[in-house]
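In what follows, a single structure is set out as structure tokens and then discussed.
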Amino acid sequence: MHILIIEDDPSIQMLLKLSLEVEGFQTTLAGTALAGMEQLAAQQMDLILLDLMLPDRSGFELLQTLQQHYKTIPVIVLSAKNEMNDKILGFQLGADDYLTKPFETRELIVRIRAVIRRMTTAAPAPETIQMDKIEIDKRERSLKVGGTLVKTTSKEFDFMWLLCSHPKTVFTREQILDQVWGYEFYGQTRSVDMMVNRLREKMKPFDHLVATVHGTGYKLEV
């Protein structure tokens with residue numbers, strides 16, 4: 001999961017970067033609205049953290065631009081503006097959440113995961129997905145790899161559907177537990193690794209399509 005942090009304060013930038021990366025998120029920093037737009041044009045982002053008080057442009061104006069060009073990417077506003085009118089305006093312009101400074105990073109992490117869950121649930125997914133050597137059918141709950149039907153358990157199928165629905169997106173083990181097992185899990189994540197190992201055995205010789213991102217989690221390599 002790749003998060004773009006648009007924030008001009010270097011100390012807050014580093015606090016957010018370190019806190020998010022400890023939780024398994026990938027981050028990119030931008031100190032201005034222009035730099036943020038350049039990063040969005042250069043690479044795929046899954047979520048944006050946006051400060052409203054930027055040196056080159058109003059964060060409210062940037063919210064409008066994001067709604068026009070990157071409407072599918074959720075935005076969480078982080079701002080010292082704590083007046084109710086500012087919060088209402090932020091939501092009206094397209095913010096998915098609004099957190100006032102100062103804030104606890106633990107609360108931010110919870111809010112990020114909540115927004116991700118809402119977006120994953122709200123986005124209408126196709127019933128079938130075909131890419132590279134993979135064909136997956138949600139209605140029949142069937143998975144074909146290299147043209148061969150792979151017999152999966154319920155969790156193995158849900159895991160593959162999650163990856164196929166978000167190709168190239170890196171999911172942490174905690175996120176996989178949350179999305180596939182249906183709850184947030186803190187602590188031992190060995191059950192995810194064991195499931196992936198079993199699934200890869202079934203997918204050979206195309207087991208490399210489920211790629212390990214060391215120190216983070218898994219993604220679909222297509």
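Hey, Gln188 hits all of (1) modelled with pLDDT under 90; (2) assigned to a loop (DSSP other than H, G, I, E, B); (3) assigned by TED's automatic domain parsing to the domain that holds Phe60 but one; which does it fall short on?
So Gln188 meets the others, but not (3).
Sort through Phe25, Phe103 and tell me the only one that's surrounded by fewer than 19 Cβ atoms within 10 Å (Cβ to Cβ) and out of contact with any Leu (no Cβ under 6 Å at 6 or more places or on another chain).
Phe103
Taking strands (runs of 3 or more DSSP E) that do not extend beyond segment 87-184, which have at least 2 residues that are within 27 Å of Lys17 (Cα to Cα) and at pLDDT 90 or above?
Result: 97-100.
The values are calculated or read from the model by the stated rules, or taken from the named source; none is laboratory data. These figures come from a predicted structure and were not determined experimentally. Cβ atoms come from the backbone with ideal geometry, glycine included; neighbour counts cover every protein chain shown.
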